[in-house]
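Single-structure report; data block below.
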Amino acid sequence: MAAGSSDKFSVLLPTYNERENLPLVVWLLVRTFHQSGNNFEIIIIDDGSPDGTEEIAKQLEKIYGSDKIVMRETISVLFSSGTAYIHGMKHATGNFIVIMDADLSHHVSLYLIKQKEGNFDIVSGTRYKGNGGVYGWDLKRKLISRGANFITQVLLRPGASDLTGSFRLYRKEVLQKLMEKCVSKGYVFQMEMIVRARQLGYTIGEVPISFVDRVYGESKLGGNEIVSFLKGLLTLFATT
Amino acid sequence: MTKLGQWLCGLVLLGSAWAALALAPPGLRLPAPYRQALLPLPVYLLVAFGCYSLATVGYRLATFNDCEEAAAELQEDISAAREDLRRLGLRF
């Protein structure tokens, strides 16, 4: 079914030390949904952040109402995206689920139009097609990104241009089904979701997104990350 | 079948075809010039693929969009958000 007025969108926001960015993301989401007139809720899953993220989330809940902002805390160390989504989905009352990062790297825009267009099960944001792109990356970072994506395309032939992105819209039942099947951690998990979705015959639409990197200065992409990416990729290659 | 499985099947298929034609077991004999041309084929294909990869990644790197507008828009949005949130009573 294409998105209509009876639809509700649950936005899952896993956070760790996002005290500064969280209110901004929430404000942008609220504005976006008010403009589109869609029913929504924002579910914040905090990993026991020491910087007061939880406190600010509670303030936001007071301001916007607890039907709109749902604050759930997970106290665990270094949870992976998968765990956060599982926790988040338990509280989601919408029939569409939006997954995005809370650090403002995803320019908040709507996938709803795309979903309506093609009635897709999944809408995935891509930095590599159309007028999608990045801001704040140097040549080396871009090269690694394109190189990794190329290898992924050759090995997995996934039918989607951006696999490591984490700005996506899923139908709730589709996400639940995929969560059961996916076993990887971290961003390999995001890749596995798309690959399995293809195998299960779900339709995937793509939307160009702009990834504005504000944290790149702090977190360089090191050798370790690259090695673990390759390990994850080869695991997917051998098991899917 | 897994992707690895598909690759292995493909390689076995092409590999045995190449071995049969180029390495010339007694039962199957192609004229010498053909066999000589086929022999280095795997290496040629690897090199060709290598060149294709370099060219593709290079092209994609060069055409990787820089989202200046998105970054500027984000800055504006952030200012608007901070103002409005302050007005609504958020203590940063």
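Give the B-A buried accessible area in Å², both sides summed, 1.4 Å probe, nearest 100.
3500
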The Kirkwood hydrodynamic radius of the protein assembly as shown, taken as the inverse of the mean 1/r over all distinct Cα pairs, in Å, comes to 22.1
Given +1 on the Cβ of Lys and Arg, -1 on the Cβ of Asp and Glu, and no further charges, what dipole in debye does chain B carry about its Cα centre, rounded to the nearest 20?
-> 780
Among B:F49, A:N17, A:G232, pick out the residue whose Cα is farthest towards the positive end of the charge dipole of the protein assembly as shown, where Lys and Arg carry +1 and Asp and Glu carry -1 on C-beta, about the Cα centre.
-> B:F49
Reachable aspartates and glutamates from A:K8, Cα under 17 Å, same-chain residues fewer than 8 places away excluded?
-> A:E41, A:D67, A:D121, A:E173
Give the accessible area for B:C67 in Å² (nearest 10); use a 1.4 Å probe, count only protein heavy atoms, and leave out ligands, DNA and RNA.
-> 10
Where does each of A:33-43, B:45-55 land if you order them by average Cβ count within 10 Å, highest first?
-> A:33-43, B:45-55
Chain B: equivalent-ellipsoid semi-axes (sqrt of 5 x gyration tensor eigenvalues, Cα, Å) = 62, 18, 6
Once you've got the GNM for chain A with C-alpha springs shorter than 10 Å, pick whichever of A:L175, A:L104, A:L200 has the biggest mean-square fluctuation.
-> A:L200
Please average, across the residues of B:77-85, the number of beta carbons from any other chain that are within 10 Å of each residue's own beta carbon, and give a whole number.
-> 5
Under 21 Å Cα-Cα from B:K3, which lysines qualify once same-chain neighbours fewer than 8 residues away are excluded?
-> A:K181, A:K185, A:K231
Express the accessible area of chain A per residue in Å², computed with a 1.4 Å probe while the remaining protein chains stay in the model.
-> 42
Averaged over peptide A:26-37, how many Cβ atoms belonging to another chain are found within 10 Å of each residue's Cβ?
-> 2
Descending packing, highest mean Cβ count within 10 Å first, for A:135-144, A:121-130 is A:121-130, A:135-144
Where in chain B are the helices, taken as whole DSSP H runs, whose Cα atoms extend 20 angstrom or more along the long axis and whose Kyte-Doolittle mean reaches at least 0.5?
-> B:3-22, B:41-62
State to the nearest 20 debye the size of the charge dipole of chain A about its Cα centre, where the only charges are +1 on K and R beta carbons and -1 on D and E beta carbons.
-> 800
Residue mean of other protein chain beta carbons inside 10 Å, A:231-240 = 2
Tell me which lysines have Cα within less than 22 Å of A:K129's Cα, excluding those fewer than 8 residues away on the same chain?
-> A:K114, A:K116, A:K140, A:K142
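The values are calculated or read from the model by the stated rules, or taken from the named source; none is laboratory data. All values reported here derive from a predicted model rather than from experimental measurement. Cβ atoms come from the backbone with ideal geometry, glycine included; neighbour counts cover every protein chain shown. Accessible surface areas use protein heavy atoms only, side chains included; no ligands, DNA or RNA. Shrake-Rupley method; radii C 1.70, N 1.55, O 1.52, S 1.80 Å.
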